[in-house]
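FYI, it's all coordinate maths here, none of it is from the lab. Here the structure is a predicted model, which means the values were calculated and not measured. Neighbour counts run over all protein chains shown; Cβ positions are idealised from the backbone, glycine included.
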C-alpha cells in the first residue's frame, strides 16, 4: 500500500488508493456492507486510520453514484406562497443531509430541456404545478430518478402531494351565500394553475347547487399589481363578492377598492387563499393551507424513494396525499372578524 502525506485532510479517493480498492468498496466497507469481505474491510479500516480519514456526505455520495442533492422545479419564485414551500422543502432536506437545487420555468423557452438536465444532476426531483408536461414527467420517471409531483394532477406511477382546493372553495362559497352574496367574480387563471382550477370548480359547483349564476372569471397573474388592475376594472360594476385565487391578488383588489372610494366589505366582499402574513393584518377572509408542510413532505418522500432505489429493485406503490385546508373568516367578507 502506498504511503501518503497527512499534511491535509485525506479524501475517499486517497483511502481507496491506499487500500488498493475502488471508492465504492471504501464506502461499502465503512457501512459494513455484506458485499465486502472481512479481509478487504480490514484493509480499508487500516487505510482510514493511517490517513486519519473522516467520512463525509459528499464522499459517500460520490462513491455510491449519488449527488447528495435534491432538485425542485417551480413555475416562479415570486410571492410568499412559493417562499414558504421552498422553506419547508429546504428545512426537511437539510435535516436529511441533502442540499437543494432550485429551477424556475417562468419565461424559459427551454423549460422542458432545463428540467430534464436538472433531473440528471440530482438524486431526486420535485416538480410543482404546470411547469412541464406529463410526457416530460414520464420521461424522467422512466430513467429511475425518484420523483414527487406537487400541486398538480397525478401522473401514473409517480408520487403526488396536493392540498384540498375544490371542497374548501365550496365551503367558502357556502359562507358567502349565507351572508347574502349572490353575484361573484373569480379572479385568477384556472388554465395556468391546477390549484386555481380546483378553486374555481368548487366555487362554481356550490353556486350551481343554489341555483345561482356561474362566477364570472377574470384572468390575471398572481401578484398584487395584477389584482389592482382587475380590481380597478370591477369597481365600475361591483359584484357582491370577489373571490381571488390567492391572497396577493385579493390584497390588490382591496387596494383598488380603497382607491376608488369603495368600502370592503360594505360595498364588496373580497376573499383570498393561502393565509399569508399580510392577509392577517388586512383582515382578509381566506383559506389557510400548509405551505411549508407541502414542501417538507416532498423532501421526505424523495429521501425515502432514494433509499428504496439504492436498496434494490423493489419499490412501493405510488402514493397520493391531499393535505387539508381550512376556511379562515375575517372581516373582508362581511362576517364578524375572528
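If I model a spin label at residue 209 and residue 95 as a point 7 Å from the Cα along the Cα→Cβ vector, what separation in nanometres do I get?
3.6
According to the square roots a ≥ b ≥ c of the eigenvalues of the Cα gyration tensor, what is the shape class of the range 64-164, taking rounded for a/c under 1.5, prolate for a/b larger than b/c otherwise, and oblate for the remainder?
Cα axes put the range 64-164 in the rounded bin.
What is the fewest-to-most order of 273, 301 by other Cβ atoms lying within 10 Å of their Cβ?
Ascending Cβ contact count within 10 Å gives the list 301, 273.
With a Förster radius of 30 Å, plug the Cβ-Cβ distance of residue 262 and residue 322 into 1/(1 + (r/R0)^6) and report the FRET value to the nearest 0.05.
With R0 = 30 Å, the Cβ-Cβ based efficiency is 0.25.
Using 7 Å Cα-to-Cβ label points, what is the residue 225/residue 54 separation (nm, one decimal)?
Distance between label points: 4.8 nm.
Which order do 258, 91 fall in if you start with the one that has the fewest other Cβ atoms within 10 Å?
Listed from fewest to most nearby Cβ atoms, that is 258, 91.
Exposure proxy check: 78, 105 ranked by fewest other beta carbons within 10 Å?
78, 105
What is the distance, in nm, between label points placed 7 Å from the Cα along the Cα-to-Cβ direction at residue 233 and at residue 217?
For the pair residue 233/residue 217, the computed spacing is 1.4 nm.
What number does the range 210-322 give for Rg over Rh if you use C-alpha atoms and the Kirkwood radius?
Here Rg/Rh amounts to 1.21.
Can you compute the helix-only [θ] at 222 nm over the chain? Use -39500 (n - 2.57) per DSSP H run of at least 4 residues, normalise by all residues, nearest 500 deg cm²/dmol.
After summing the helix terms and dividing by residue count, I get -13500 deg cm²/dmol.
Taking every pair of alpha-carbon atoms in the chain, give the share separated by more than 28 Å as a whole percent.
Roughly 52 percent, rounded to a whole number.
Rounded to the nearest 0.05, what FRET efficiency is calculated for residue 171 and residue 110 with R0 set to 56 Å and r the Cβ-Cβ distance?
Given R0 = 56 Å and the Cβ-Cβ separation, E is 0.85.
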